[in-house]
Number of protein chains: 2
Amino acid sequence: MSDLQKRGRGQAAAAERPAMREALVAAAFRLFGERGFEQTTVDDIVTLAGVGRRSFFRHFPSKEDVVFPDHEGGLAAMTAYLADADDAGDPVEQVCDATRLVLRTYAANPAFSVQRYRLTRQVPGLRAYELSVVWRYERALADHLRARFAVRSDGALRADVIAAAVVAAHNHALRTWLRSGGEGDVEEAVDSALGYAAKTFGDGPGPAQAPVREEEVVVVVARRGTPMWRVVQGVESALEA
Amino acid sequence: MSDLQKRGRGQAAAAERPAMREALVAAAFRLFGERGFEQTTVDDIVTLAGVGRRSFFRHFPSKEDVVFPDHEGGLAAMTAYLADADDAGDPVEQVCDATRLVLRTYAANPAFSVQRYRLTRQVPGLRAYELSVVWRYERALADHLRARFAVRSDGALRADVIAAAVVAAHNHALRTWLRSGGEGDVEEAVDSALGYAAKTFGDGPGPAQAPVREEEVVVVVARRGTPMWRVVQGVESALEA
């Protein structure tokens, strides 16, 4: 065989992989929908997909993994994005943006996402699997924030709390959308939820979004003992006006 | 058998239960420490504890459950506490207090808590179990906050974010203490971490903690475009002065 032929075959094998992966996922979800997750075996899946057992396990370590085929890729994309993030940027905005990367895999295929959501509600083992996936995302965000907050004495605490809050905001909007059966614009809903988290913890919009007019000042007058949230509300409306 | 004898036996059986439960937990942890979690069977545990297999499963549905013997009780205590909470109180302070109830079970037995922490780091199955336990705590807090925030249009989002942030703050301090081998005052460390979460989301100390002196006012002057956290910092130091 010539080198060219070998290269040709290697390329064909590489191109065939995603197709086989997708065929396995499609076969698995069809069977999960028809008979339930527990009642479907890996043998059933490979028979329907027309491939061998070894092909299945080359793509997925277990039956649970076929339910979350995008998660390893999503985590890798998120980690790479944060590794490249600008040290001068708002770290809270950066972790919000990182969660938007993962959201795209849900938004790209609403029917699949909704079907998986229903499956994870029904099968406790899948719910547990999902919790560990979410925990790994949260750790990736917290690690980024810890590095950025390293100079603060409470940096690690802030990092853990903000990562948890950002993931909770993201998942609140995502779950609401999934429960609705995938109606409406999930990216808009997640933006709005992340906005709440970013406003709570972030430095607010930077100069790029809201040009500073240096000469202007805001004066807030409050009674001592005023609840902090009322003061913040007052300052916010003044600054945003 | 007379009614009195029956009652006597019933009481003895009830009193024997916690002791048997403790004996099973002690035997299990001794064996987990000596041979590892995976290499220990339920049969090994009941043999060492000197009881039958049925006694084990009366107390614990699985080998995983014996690692977290206090969690069902902790969750029940937390739920009962929140159900009784005063509707006029600060809901964020209430969920912080609810997590302190769970903390007591860790603080009451540092050696056991540290041993369990090390075990959950080593066994992925236990880590997954712990994540679902933490998720149930978080849901209990979020449910309380959702009910209290029901009038707000963003109430459910706030509830989910605050519950996640409070659990993350609690667990940050708890994990730091566990990693240190149980050195120092964990309740103090958790108070301080929860204080950060409460300050971020809560209404601040109410009149009972910080009497309002109505005549005093605080004036904050900030340039438009000042990052919100700087403004909050300024307001905080002014109000706390």
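Worth pointing out:
- In the assembly of identical copies, residue A:39 has its label point, taken 7 Å from Cα in the direction of the beta carbon, separated from the corresponding points by 4.2 nm (ascending, one decimal).
- Using the Cβ-Cβ distance between residue A:101 and residue B:38 with R0 set to 56 Å, the FRET efficiency works out to roughly 0.95.
- Applying the Karplus relation 6.51 cos²θ - 1.76 cosθ + 1.60 with θ = phi - 60° to the range B:84-91 yields 3J(HN,Hα) values of 8, 5, 5, 5, 8, x, 6, x Hz, where x marks Gly and Pro.
- Cα centroid of the range A:38-88 to Cα centroid of the range B:74-101, whole Å: 40 Å
- FRET efficiency estimate (nearest 0.05) - Cβ-Cβ, residue B:22 to residue A:185, R0 60 angstrom: 0.65
- Radius 11 Å from Cβ of residue B:104, net charge of other residues (Lys, Arg +1; Asp, Glu -1): -1
- Shape analysis of the range A:68-204 based on the Cα gyration tensor places the equivalent ellipsoid semi-axes at 26, 16, 13 Å, largest first.
- A label point on residue B:64, set 7 Å along the Cα-to-Cβ line, lies at 0.7 nm from each of its counterparts in the other copies, closest listed first.
- Inter-chain neighbour count for B:168-175: the average number of beta-carbon atoms from partner chains within 10 Å of each residue's beta-carbon is 4.
- In the assembly of identical copies, residue B:18 has its label point, taken 7 Å from Cα in the direction of the beta carbon, separated from the corresponding points by 6.1 nm (ascending, one decimal).
- Averaged over peptide A:185-193, the number of partner chain Cβ atoms lying within 10 Å of each residue's Cβ comes to 1.
We did not get these values from a lab; they are worked out from the coordinates using the rules stated. None of the values given here were measured: they were computed from a predicted structure. Backbone-built Cβ (ideal geometry, glycine too); neighbour counts: all protein chains shown.
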